[in-house]
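Written below as structure tokens is the structure these notes are about.
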Amino acid sequence: MTAEFETYSEFLADGKRGARLTNSVGRAKMTRNRLQALILQGFGQGRGNGYMPWICVTRGNSPRCSNHFVAVTSIQEKPLHLMSGLEYGATRVATWLGAKEVRTQFPIWPWPGHPHPMSGLNPVDDKKLPETIGLLEIAYEAGIKHGCYVGAPDQPYVATTDLVLTINAPTGSRLVFWTCKPASILTYKGPRQNRIAERIELERRYAKAVGAAHVVYDGTHVSTKLVANLDWLEPPRQERTDANLCAVRKRFSDAYNISKATGTIEQRIEQAAVSIGIGVSSAQCHFRAAAWLGQIDIDLSQPVLMSRPMKVGGNALKRGLRIALLGETA
């Protein structure tokens, strides 16, 4: 017997936008009308700078056992809403690995026929995307309980995945879903152990259904030093997009890379600055950006000590992590 599920358009058919809402979580009980309003107001939708996460960082949803962050990256103008330190670090790693878009707290709609996660950029391409399956049906086929909102047993819960990355691919773009769970949660032995595994399995199945890769990011793939260095070195968006700054950085990187490798980082920065005729302070800014962008092959998993020679190997490290975390082939 095949189960029938309400479609996305059927669910929204009698919905109203209503008064402006600030978040999908909080003290207010979730009702059908409230859920319809959240969707009609754009929560969990949009692309690039127009994306609005399903769960936002607000005073009303301050965490009990983690930290919330609103962070800016070099690839998007709009800040990202992150629900833990692990998600914050994952975002730094994702942008460094080449993600061109990061969507946080991304909803996995329970109803079939919802907008495909790849849609929203090109109406012509959107028409070629396959019809989506709802998480209710995926859970039904997997024999896993989907879940509902507290106090609303007839209202299916809108699950989220922590990060959805858009990655350049030879044939265009592709998606990678990152479920961010610390290793301590993944190895947890207790009453909720099975439920954690079930939620991850549902995310994996949904990602597969929409043609995306799925990775469980637990933080063990990278060192804390790498995350700290990426946080320190990531250049502002302007430094990545300004043509004049990019041209000067290219000249600086070339001059730095041909300088004597036995010199300290500080000495090589000064030599490169003199070589292309810029000030040391400007050269230091270009070094930070070039190190993050891979124009200088520095190993960022190690301490960056200006008074010591540079440790190489950053580009090889990045290639390995792209295979492990983005599903690329060797």
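The values are calculated or read from the model by the stated rules, or taken from the named source; none is laboratory data. All of these numbers come straight from a predicted model, not from anything done at the bench. Positions of Cβ are backbone-derived with ideal geometry, glycine not excepted, and every protein chain shown enters the neighbour counts. Ligands, DNA and RNA are excluded from the accessible area calculation, which covers all protein heavy atoms including side chains. Shrake-Rupley method; radii C 1.70, N 1.55, O 1.52, S 1.80 Å.
Before moving on, here are some points about what is shown:
- Filter pass, V216 being within 21 Å of the chain's Cα centre (by Cα), within 30 Å of E328 (Cβ to Cβ) and open to solvent by 10 Å² or more (accessible area, probe 1.4 Å): yes
- So V248, is it part of a helix (DSSP H, G or I), in contact (Cβ under 8 Å) with a residue 12 or more places away in the chain and among the β-branched types (V, I, T): yes
- Selection status of A19, modelled with pLDDT of 80 or more, under 18 Å from P110 (Cα atoms) and over 20 Å from the mean Cα position of the chain (by Cα): no
- Any strands (runs of 3 or more DSSP E) falling wholly within the range 51-153 and containing at least 1 residues that are crowded, with 19+ Cβ neighbours inside 10 Å: 80-82, 101-108
- Scope the range 292-330; condition touching an Asp or Glu at 6+ places or on another chain (Cβ under 9 Å) and closer than 28 Å to A169 by Cα; matching residues: W292, Q295, V312, G313, G314, N315, A316, L317, R319, R322
- Residues being assigned to a helix (DSSP H, G or I) and either in contact with a Lys or Arg (Cβ under 7 Å, 6 or more places away or on another chain) or more than 22 Å from F252 (Cβ to Cβ) (or both) are entirely absent from the range 303-312.
- Boolean, E234 is open to solvent by 50 Å² or more (accessible area, probe 1.4 Å) and modelled with pLDDT of 95 or more: no
Conditions tested, residue by residue: (1) surrounded by 14 or more Cβ atoms within 10 Å (Cβ to Cβ); (2) more than 29 Å from T179 (Cβ to Cβ); (3) not acidic (D, E).
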site	(1), (2), (3)
Y256	yes, yes, yes
T262	no, yes, yes
F287	yes, yes, yes
G294	yes, no, yes
R308	no, yes, yes
K311	yes, yes, yes
L317	yes, no, yes
